[in-house]
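This report concerns only the one structure given below.
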Amino acid sequence: MSEFETSIPLRLIPGSKSLDRSASLPPDGLELEFGMHGGVAEHYGQTPPNPLPSTLDYLVASVGGCLIGTFAGSLRRARVPVTPETLTATATGHVTSDEDGVLVLRSVRIDYRLELDDEHRGAAKEVHEVHAGRCPNARSVSPSITIETELEVVDPVPA
């Protein structure tokens with residue numbers, strides 16, 4: 001059984017009036033900045049001078065990114081052809097405020113679009129039915145955050 005820790009340095013961005021933050025991600029210190037925009041800024045009554053992705057955006061992207069990777073890897077193991085051009089997805093997070101006025105991510109929905117010939121569609125649908133249970137991020141946040149996935153299989157685009 002594997003076990004490890006990951007450590008992420010975090011900082012407030014100097015001069016930010018809306019408490020923007022940054023994180024340095026392993027393995028090479030990639031800097032991510034986050035703050036607020038849209039519904040998050042509106043909820044907290046802010047008009048940030050430099051709108052940035054919110055931590056909720058990153059959480060939705062993290063779960064969605066892990067799910068599409070798990071789905072693609074599972075398709076390959078099932079010998080279903082998949083490429084970056086044939087598999088795309090959109091991750092949508094549903095956020096509501098709780099009784100204390102704190103914004104909470106309630107669900108993440110992933111809508112996949114897969115270009116695939118008829119020969120592999122059955123296998124792709126079988127893989128789709130079980131892949132979320134193999135995704136580390138989906139399993140980490142569920143059942144607190146509902147995970148939903150939909151698969152649209154379409155005919156391949158002629159080359």
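Derivation of every value follows stated rules applied to the coordinates shown; laboratory data play no part. None of the values given here were measured: they were computed from a predicted structure. Please note: Cβ atoms are built from the backbone with ideal geometry, for glycine as well, and neighbour counts cover all protein chains shown.
To two decimal places, what compactness ratio does the stretch 1-50 give when its Cα radius of gyration is scaled by 2.2 N^0.38 Å?
Working: Rg = 14.4 Å, N = 50, 2.2 N^0.38 = 9.7 Å.
It is 1.49.
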Measure nothing fancy, just the Cα-based angle from helix 55-77's long axis to the longest principal axis of the chain, in degrees from 0 to 90, nearest 10. 20 degrees
Can you compute the modelled spin-label distance between R113 and L32, with each label point 7 Å from Cα toward Cβ, in nm? 2.5 nm
Calculated FRET efficiency, S24 and E3, Cβ-Cβ r, R0 22 Å, to nearest 0.05? 0.45
Taking only Cα atoms of the chain, the Rg to Rh ratio with Kirkwood Rh works out at 1.04
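Looking at the stretch 66-111, what % of the alpha carbon pairs are farther apart than 15 Å?
Working: 584 of 1035 pairs.
When all Cα pairs of the stretch 66-111 are counted, 56 percent exceed 15 Å.
Using r as the Cβ-Cβ distance of R11 and E148, and R0 as 41 Å, what FRET efficiency do you calculate, to the nearest 0.05? Walk me through the numbers before you get to the answer.
Working: r = 34 Å, r/R0 = 0.84.
Calculated transfer efficiency: 0.75.
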